[in-house]
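Working notes, structure below.
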Amino acid sequence: MAAIRRAGPADAETLAALKLATFRETFVEGFGIPYPPDDLAVFVAESYAADRVAAELADPERATWVAEDAAGRLLGYAQVGPCKLPHDDIGSGDGELYQLYTLREAQGLGLGRTLLNVALDHLAAKRPGRVWLGVWSGNLFAQRIYERRGFARVGGYGFPVGSWTDEEFIYRRD
């Protein structure tokens, strides 16, 4: 059985490794997006370095939770904060689900649902505006999950992975 807890500064290195592993499992191995190696290397260095993750954990506007097994191994995570998506309708009290991922081996255990519930509850308490998220245009499974939770697609944007650009959809729940 996995436990959900708020991530702290001591989690920076293991969370950085988890973030990188879930990104690779999801987009490189799972969806097979053919990122050029140089672009992928730039993105990984900018997004998943331990010091970058430590700065995110230290940011008082963000909140991150991790799911861990009985041995303390991280299996998934969720991160939220103020909305920073490129959309004209974003209000000052709006929040965003930045990331929600579990390792492939932990999928089907209900961790994603639990992490999503914790993240949405936190946003409802701390940022009482609308909730936003971005999801890769090819991830139909995630889109269906978010739609079942009351989110609707309201736009799109290009998400840079180095000089490569992924087409992302913007979802909002009022």
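Readers should treat all values here as calculations from the given coordinates under stated rules, not as data from a laboratory. Because the structure is predicted, anything quoted here is derived from the model rather than measured. For neighbour counting, all protein chains shown are included, and Cβ atoms are generated from backbone atoms with ideal geometry for every residue, glycine included.
Compute the signed sum of charges (Lys and Arg +1, Asp and Glu -1) over the other residues within less than 15 Å, Cβ to Cβ, of Arg52. Intermediate values should be presented prior to the final figure.
Numbers: positive: Lys19, Arg62; negative: Asp11, Glu13, Glu46, Asp51, Glu56, Asp59.
Here the count lands on -4.
Given R₀ = 41 Å, what would the calculated FRET efficiency be for Ser163 paired with Ala71, taking r from the Cβ atoms and rounding to 0.05? Walk me through the intermediate numbers first.
Numbers: r = 40 Å, r/R0 = 0.97.
Efficiency for this residue pair is about 0.55.
Using r as the Cβ-Cβ distance of Ala45 and Ala3, and R0 as 35 Å, what FRET efficiency do you calculate, to the nearest 0.05? Mind showing how you got there, number by number?
Values: r = 31 Å, r/R0 = 0.89.
My answer for the efficiency is 0.65.
GNM, the chain, Cα, under 10 Å: largest mean-square fluctuation among Arg144, Arg153, Arg52?
In the Gaussian network model the winner is Arg144.
If R0 is 22 Å, what FRET efficiency do you get for Arg62 and Asp174 from their C-beta distance, rounded to 0.05?
Efficiency, from the Cβ-Cβ distance: 0.45.
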